[in-house]
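Asks: Just passing along the structure, written as structure tokens.
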Amino acid sequence: MMKTENTVWHQQHISKTQRSQQKQQRPCLLWFTGLSGSGKSTIANAVDALLFARGCHTYLLDGDNVRHGLNGDLGFSDAARIENIRRISEVSKLFVDAGLIVSTAFISPFASDRTMARSKLQQGEFIEVFVDTPIEICEQRDPKGLYKKARNGEITDFTGIDSTYDVPKNAEIHLHTANLSVEQCAQQIIDYLVQHDFINANKQG
Ligand code: ADP
């Protein structure tokens with residue numbers, strides 16, 4: 001359904017700042033991007049667990065789970081991928097408005113889509129996390145057996161094989177997962193959040 005001229009934005013009584021103060025954190029969106037099998041989901045879950053243990057208020061939107069529900073009607077054509085990211089960024093924006101530290105784990109291969117998602121949030125709130133793993137390593141890991149299927153031609157439009165991945169040029173956080181453990185990658189993100197005052201350095205679980 002299209003937005004009409006009769007749809008107006010309703011100003012809410014409780015502001016984002018008040019929600020943020022109540023939670024003693026600054027809300028933001030950690031936007032994980034990388035090839036399939038690069039480690040987005042694994043690292044995002046590790047970060048979420050560390051934040052939760054510190055008493056932070058968080059939520060994690062994971063690619064496969066969202067495709068079961070909200071985006072269950074979308075396939076993998078370019079148009080469907082763009083709509084997938086548009087919906088995710090709108091939902092993330094609402095969660096950030098609710099005061100949460102949100103993580104999203106989607107391949108999000110197109111730079112234009114990531115720019116679109118970034119543009120929906122306020123300055124500094126969008127934190128692009130490039131999960132940088134060479135395709136050879138992703139293919140060795142192949143946690144879901146998808147590379148094998150793509151190489152056999154059972155899946156088409158597979159990112160990195162017959163569909164493009166635009167390498168992020170200005171990601172706020174760059175993770176070289178080939179040289180680091182999951183724990184080290186997660187800690188790099190926590191350090192960023194502390195250094196930029198999203199979370200309190202002393203807050204403990
Ligand atoms: P994605 O969400 O990007 O598709 P997954 O997180 O589902 O990727 O899978 C990544 C796989 O790689 C997991 O099986 C994980 O245990 C493994 N792995 C090995 N080393 C790392 C690392 N340093 N960071 C992230 N994942 C790693």
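The values are calculated or read from the model by the stated rules, or taken from the named source; none is laboratory data. Quick caveat: nothing in here was measured; it's all calculated off a predicted structure. Here the Cβ is made from the backbone with ideal geometry for all residues, glycine too, and neighbour counts use every protein chain on show. Protein only, heavy atoms only, side chains kept; ligands, DNA and RNA dropped before computing areas. Shrake-Rupley method; radii C 1.70, N 1.55, O 1.52, S 1.80 Å.
Asks: Within region 51-61, which residues are in contact with a Ser or Thr (Cβ under 8 Å, 6 or more places away or on another chain) and either within 20 Å of residue 157 (Cα to Cα) or assigned to a loop (DSSP other than H, G, I, E, B) (or both)?
Replies: Selection gives nothing.
Asks: Do any residues in region 13-35 that are in contact (Cβ under 8 Å) with a residue 40 or more places away in the chain and farther than 23 Å from residue 53 by Cα have Cβ atoms under 7 Å from those of residues that are of a type in the set (Asp, Glu) and in a strand (DSSP E or B), where the two are at least six apart or on different chains, and which pairs are they?
Replies: 33/128; 34/132
Asks: Same structure again: Starting from residues that are among the polar types (S, T, N, Q) and either in contact with a helix residue (DSSP H, G or I) (Cβ under 8 Å, 6 or more places away or on another chain) or part of a loop (DSSP other than H, G, I, E, B) (or both), keep the ones in region 39-50 and report whichever is most open to solvent (accessible area, probe 1.4 Å).
Replies: Checked region 39-50; the qualifying residue most open to solvent (accessible area, probe 1.4 Å) is 42.
Asks: Could you grab the pairs with beta carbons closer than 8 Å, sequence gap of 6+ or different chains, first residue in region 124-145 and open to solvent by 10 Å² or more (accessible area, probe 1.4 Å), second one at pLDDT 95 or above and aromatic (Phe, Trp, Tyr)?
Replies: If the second residue must be at pLDDT 95 or above and aromatic (Phe, Trp, Tyr), the pairs left are 128/31; 139/147.
Asks: When you check residue 26 against the structure, is it over 21 Å from residue 165 (Cα atoms), touching a helix residue (DSSP H, G or I) at 6+ places or on another chain (Cβ under 9 Å) and in a loop (DSSP other than H, G, I, E, B), yes or no?
Replies: Yes; evaluated as a whole, the condition is true for this residue.
Asks: For residue 92, indicate whether it is more than 16 Å from the ligand (Cβ to nearest atom), small (Gly, Ala, Ser), out of contact with any Lys or Arg (no Cβ under 7 Å at 6 or more places or on another chain) and open to solvent by less than 10 Å² (accessible area, probe 1.4 Å).
Replies: yes
Asks: In region 161-184, is there at least one residue being in contact with a strand residue (DSSP E or B) (Cβ under 8 Å, 6 or more places away or on another chain), surrounded by fewer than 17 Cβ atoms within 10 Å (Cβ to Cβ), among the charged types (D, E, K, R) and modelled with pLDDT under 95?
Replies: There is no residue in region 161-184 that is in contact with a strand residue (DSSP E or B) (Cβ under 8 Å, 6 or more places away or on another chain), surrounded by fewer than 17 Cβ atoms within 10 Å (Cβ to Cβ), among the charged types (D, E, K, R) and modelled with pLDDT under 95.
Asks: Here's a follow-up. Being open to solvent by less than 20 Å² (accessible area, probe 1.4 Å) and small (Gly, Ala, Ser) is true for just one of 15, 36. Which residue is that?
Replies: Values: 15 fails: open to solvent by less than 20 Å² (accessible area, probe 1.4 Å).
Only one candidate qualifies: 36.
Rundown of residues vs (1) assigned to a helix (DSSP H, G or I); (2) touching a residue at least 12 places away in the same chain (Cβ under 8 Å), yes/no style:
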position	(1), (2)
75	no, no
79	yes, no
82	yes, yes
86	yes, yes
94	yes, no
99	no, yes
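Asks: Sort through 60, 74, 30, 121 and tell me the only one that's open to solvent by less than 40 Å² (accessible area, probe 1.4 Å), within 16 Å of the ligand (Cβ to nearest atom) and farther than 21 Å from residue 180 by Cα.
Replies: The unique qualifying residue is 60.
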